[in-house]
1. Can you pull out every residue in region 63-120 that is surrounded by 17 or more Cβ atoms within 10 Å (Cβ to Cβ), of a type in the set (Gly, Ala, Ser) and under 30 Å from Leu11 (Cα atoms)?
2. Which of the residues that make up region 78-117 are closer than 16 Å to Tyr143 by Cβ, assigned to a loop (DSSP other than H, G, I, E, B) and not hydrophobic (A, V, I, L, M, F, W, C)?
3. Is it true that some residue in region 14-30 is closer than 17 Å to Lys135 by Cβ, assigned to a helix (DSSP H, G or I) and not aromatic (Phe, Trp, Tyr)?
4. Of the residues Lys211, Lys195, Lys188, only one is at negative phi, of a type outside the set (Gly, Ala, Ser) and at pLDDT 90 or above; which?
5. Just one of (1) closer than 29 Å to Lys160 by Cβ; (2) touching a helix residue (DSSP H, G or I) at 6+ places or on another chain (Cβ under 7 Å) trips up Ile132, so point out which.
6. Go over the candidates Met72, Met55 one by one and state the one that is assigned by TED's automatic domain parsing to the domain that holds Leu29, under 22 Å from the mean Cα position of the chain (by Cα) and part of a strand (DSSP E or B).
7. Just for region 118-144: of the residues that are closer than 22 Å to Thr51 by Cβ and not in a strand (DSSP E or B), which one is modelled with the lowest pLDDT?
8. Pick out the one residue from Gln147, Gln163 that is of a type in the set (S, T, N, Q), in contact (Cβ under 8 Å) with a residue 60 or more places away in the chain and either part of a strand (DSSP E or B) or touching an Asp or Glu at 6+ places or on another chain (Cβ under 9 Å) (or both).
Amino acid sequence: MCGDFNPMPVLGEPAPEFEALTTSGVIRLSDFKGKWVVLFSHPADFTPVCTTEFMAFSEVADELKSLNVQLMGLSIDSVHSHLAWIRNVKEKMGVDIPFPIIADLDMKVAKKYGMIHPGQSNTATIRTVFFIDDKGIMRAMIYYPLQNGRYIPEIIRLIKALQTSDKFGVATPANWQPGDKVVVPAPKNKAEMEKRLSEGYECKDWYLCFKKI
C-alpha cells in the first residue's frame, strides 16, 4: 500500500510535473518556471482546521507574491466543492481566497508528491508543504498530520532563507530570521581554513563564521 501511495519527492531534483484542474482553470507546474511555488495540501474542504489555514494563507498571499512565489493548494475534492467552499469562506468569514486550489479527485498529484499516508487516511491528503524554486527544483518539504494546522510564519521564513542562501551563497543558522547574521560556508582545505580567520568575519572558530548581509 505505502509503495503505491507514498513515493517521496527528492530535494535537489526536479519537482514532479503535473497538469491539473484548479479553481483558476487548468494549470501545469511548468507554467510557473521563473517563479517559486509553494504547493500545499489540505485534507478536505469545509473542515475547521483547513478553513483557518486557508484564511491564514490568504493573509500572506501578497507577501508571497512580492517574493516571486506562486501559492497553490490541493485536496481530493472536486473543483465544484472548492468553488463552493471559497464562496462560503468569503461570505461567512469575509476572506477572499486569491490563489488556485487543485481539484485532485483521481489523486494523481497527491500520489506523485507522497501526500497520501495510509496511517492517517487512504482518501485524504495530509498537510504537506512543498517549496519549489524558480528553476523547478524541489528545495524543501514539510509534512504535518491531519489534526494540526501549520504555522504560516515558518513558511514565509523558510522561503526567505532559501532565497537568501541562493542570492549570497551562504547558509542560515538555527532560529535565523531575515536581517540576522548568516553562516559563511566552511573552508574546503587547509589554505582556506588559515585564510578564514583573517577575512573579517565574526568567527567562533575556523569552521563557524558569521557575517551580516
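The values are calculated or read from the model by the stated rules, or taken from the named source; none is laboratory data. Since the model is a prediction, treat every value here as computed from it, not as a measurement. Don't worry about glycine lacking a Cβ; one is built from the backbone with ideal geometry, like all the others, and counts go over all protein chains shown.
1. Correct list: Gly73, Ser75, Ala103, Ala110, Gly114.
2. Across region 78-117, the qualifying residues are Tyr113, Gly114, His117.
3. Yes: one or more hits.
4. Numbers: Lys195 fails: at pLDDT 90 or above; Lys188 fails: at pLDDT 90 or above.
Criteria check complete, one pass: Lys211.
5. Every listed condition holds for Ile132 apart from (2).
6. Working: Met55 fails: part of a strand (DSSP E or B).
Of Met72, Met55, the one residue that is assigned by TED's automatic domain parsing to the domain that holds Leu29, under 22 Å from the mean Cα position of the chain (by Cα) and part of a strand (DSSP E or B) is Met72.
7. Across region 118-144, the extreme among qualifying residues is Thr123.
8. Values: Gln147 fails: either part of a strand (DSSP E or B) or touching an Asp or Glu at 6+ places or on another chain (Cβ under 9 Å) (or both).
Just one listed residue meets the conditions, Gln163.
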